[in-house]
Structures are given as structure tokens and as C-alpha cells.
């Protein structure tokens, strides 16, 4: 007689945003408010997609981005895009 076992893995991840690099506070014209914009890398971790997918969203105009020394994106645009 064969026995079957089910194994479940849980993953817990902590993201720490450091003020120097991980985020910037800026006005988002799409959300019409001042928000904490994040790097594409951090947004990708938070929404559990690839960083390339975040860049696709930027290129398609679905999320607002700010270009300074780095690119920063508005997480609110992503969240509001899911509601539509």
C-alpha cells in the first residue's frame, strides 16, 4: 500500500526601507497626493512579481515613476490599478 504525504512550506520575508536609497517622498499626479515612492526592486518584492514586470508597468504608463539618480515608482498607482 502506498502512502501519500503533503508538505506545506511557509515563507516569511521582511523588507527594511532605508531612507538613503529605498524610497523617496514625492507628489504622484495619478494618485493626486504626496506618497512614498519606492525603487522598482522593492515594489517587486512587495507585490511578488519580477522587477522586469514592474518596468513593464512603468513603460505602459500604468504606474507613475520619478527619475532622479534612480527610478522610483508609486505603489499607490499599482494598488489603484488593481481596483479598476
Fill in the blank from the handout: For segment 45-56 the number of residues that are modelled with pLDDT under 90 and either buried (at least 19 other Cβ atoms within 10 Å of the Cβ) or at positive phi (or both) is 1
Completion exercise
Of (1) touching a helix residue (DSSP H, G or I) at 6+ places or on another chain (Cβ under 9 Å); (2) modelled with pLDDT of 85 or more; (3) loosely packed, with under 14 Cβ neighbours inside 10 Å, residue 29 fails just (1)
Fill in the blank from the handout: Note on segment 29-56: residues in contact with a strand residue (DSSP E or B) (Cβ under 8 Å, 6 or more places away or on another chain) and outside any loop (DSSP other than H, G, I, E, B) are 33, 34, 35, 36, 37, 38, 40, 42, 43, 46, 54
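So which residues in segment 65-84 are in a loop (DSSP other than H, G, I, E, B) and under 25 Å from residue 14 (Cα atoms), if there are any at all? Quick ask: steps written out before the conclusion?
Residues of segment 65-84 in a loop (DSSP other than H, G, I, E, B): 68-70, 74, 84.
Answer for segment 65-84, where residues must be in a loop (DSSP other than H, G, I, E, B) and under 25 Å from residue 14 (Cα atoms): 70, 74.
The values are calculated or read from the model by the stated rules, or taken from the named source; none is laboratory data. The structure presented is a predicted model; accordingly, all values stated were derived computationally and were not measured. Methodologically, a virtual Cβ is constructed for each residue, glycine included, from the backbone with ideal geometry; neighbour enumeration extends over all protein chains shown.
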